[in-house]
Amino acid sequence: MFRKIAACVVAAVAFAALPALAQPAKPAPAAAPAAEDKYVGYYYPKPTTVENYASPMQTIQGAERAQRVQFVTVVSQGTIQSAYRVPYSVFVKGDKAEKLIVVGLQPGELASIYRIRAILANMTTMSRLSPFFQERTVAEDANFYDLLKMLGFTQLTVTDGEKLSYQVNIT
């Protein structure tokens, strides 16, 4: 029972977008390129847009590699078991599982920065509906990046799987 509920909550979090009510400040463009990214060319092309997001949230105590892997496993399970085709795959990378990667599975689905931001907007909307988010934040003031910060993620990369990659460094 708990697995189904968790899968639904996480799937909902993963499927939502930010067409939200109140949003914190938008991520600022990165001042300098990040260090060598070993996932470029394997999971996604070199990011075409890199931004930094300073979350007002704190990483929750006990949010370690295992919890991030479990979160993404439940999200992935929710997308696989969805009644409709989900246009992207979600997985985690990094020595500490601190990098969340979202890859578009169909040509054109995530082919613009605006479509990517729309998916992220949906993820914010669904995050706000989760009990986890509501218990730990003022839900209407927080967004999906804040959820990732709370779970200990430091980077999010979304790609169309071909040419476009959008990367957010979360601090």
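Just so you know, all these numbers are worked out from the coordinates, no wet-lab data involved. A quick note: this is a predicted structure, and the numbers were derived from the prediction, not measured. Here Cβ is always computed from backbone atoms with ideal geometry, including for glycine, and neighbour counts include all displayed protein chains.
Rounded to the nearest 20 Debye, what is the dipole magnitude of the range 61-171 about its Cα centre when Lys and Arg each give +1 and Asp and Glu each give -1 at the C-beta? Display every interim value, and only then the final one.
Details: 12 positive and 10 negative charges, 33 e Å.
Dipole of the range 61-171, to the nearest 20 debye: 160 debye.
Is there a pair in LYS38/LYS96; LYS38/LYS149; LYS99/LYS149 whose C-alpha atoms are over 19 Å apart, and which pairs would that be? It would help to have the intermediate numbers written out before the result.
Details: LYS38/LYS96 14 Å; LYS38/LYS149 22 Å; LYS99/LYS149 11 Å.
Pairs exceeding 19 Å: LYS38/LYS149.
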Distant-in-sequence amide H partners of LEU105 (H built 1.01 Å from N, under 5 Å): TYR88, SER89
Search the structure for amide H atoms under 5 Å from the amide H of PHE153, placed 1.01 Å from N in the peptide plane, and list their residues when 5 or more places away or on another chain. none
Roughly what would the spin-label model give for GLN61 and TYR114, points 7 Å off Cα along C-beta, in nm? 4.6 nm
